[in-house]
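Asks: First the structure, which I've put down as structure tokens, then a few questions once you've had a look.
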Amino acid sequence: MNNQFGTLKNKVLACLVEAYSNNDKEQMKSIISLLKENKDYRELYVFYEEVEGKYFANEDDARQYVNEVIPLLEDKVKNTRSFLPKLNAELPDVEFVTTPLYEEIDVLLAKKRINNIDRKISAQENLIKHLTTPKKEPVIAEDTRVVTNEPLLFATLTNIFNGSFENQLDEEQKTRLKTIMSMSTNEIEENVNELQETILDKVSTLLVEDSNPDLTSKLKLVKEEVENITHTRFNLVKLETLKDGLD
């Protein structure tokens, strides 16, 4: 087992799925406590999660994005080098899938050496290809508990990245979480489209009815984000949460 970021990210998710499936709250809290220790790790985690659904219609824009973001990520990687082995050592042993996209990003963020320049060039081109591919397919393992499961991250770990995690999911939330985790790509897309339409209608109505400049500004930001959101499980949960907040 190596200490590459992408590999460990998948291991973290697998451990959380395992703990959630077993209703092992102590294990979940233990993992969450560990993740809180390194802010740069959390920010890298969010990047790897979000880049799965990121899309650029123009290759030049995708290339510029990669050229801009990689140096920023490299700085964060430096601040996680001592943390990753610790994280790996303290996580329980579980089976998990690897993600080719994460492996490519790991290569891009590795220290530059004479013998890996060609691999870095190839990884960059593969990342750009991913960013310019409109429809992203989730990685699904034979064990349905080990799925690209952004909702688990969002629903049970949202507050990790805000520095707090106190409340467990209620039964209704658990049922909804399991439903989202079992959805097909087409079902995710249909649900995201439906929620986008509902939320945009609601926001448009509020913009007409409310003259508060601060609220208007916030609603415009919400509208822009919803219009440009990608079709992932993570974003489906975000939209459901946003809809509940607007109702």
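Each value in this text was obtained by applying a stated rule to the coordinates, not by laboratory testing. Everything numeric here is computed off the predicted structure, so don't read it as measured data. Here the Cβ is made from the backbone with ideal geometry for all residues, glycine too, and neighbour counts use every protein chain on show.
Asks: E172 versus E227, label points 7 Å from Cα toward the beta carbon: distance in nm?
Replies: 3.2
Asks: Could you compute the net charge surrounding T7? Neighbours are other residues with a C-beta less than 12 Å from the C-beta of T7; K and R count +1, D and E count -1.
Replies: Numbers: positive: K9, K11; negative: E103, D106.
Neighbour charge sum, excluding T7 itself: 0.
Asks: Additional query: Between T241 and S184, 0.36 nm times their residue separation minus their Cα-Cα distance comes to what?
Replies: Between T241 and S184, full extension yields 18.5 nm more.
Asks: Same structure, new question: Toward the positive end of the charge dipole of segment 15-125, about the Cα centre and with charges on Cβ (Lys, Arg +1; Asp, Glu -1), which of V66, V107, L84 goes farthest?
Replies: Working it through, the farthest residue towards the positive pole turns out to be L84.
Asks: State the extension gain, in nm to one decimal, for the chain segment bounded by S204 and D40, taking 0.36 nm per residue of separation less the distance between their alpha-carbons. Could you put the intermediate results ahead of the total?
Replies: Details: separation 164, 0.36 × 164 = 59.04 nm, distance 3.70 nm.
Full-extension gain reported as 55.3 nm.
Asks: Still on this model: Using the Cα centre as the reference, give the magnitude of the dipole from point charges on the C-beta atoms of segment 183-246 (Lys, Arg: +1; Asp, Glu: -1; all else neutral), rounded to the nearest 20 debye.
Replies: That gives a dipole near 220 debye.
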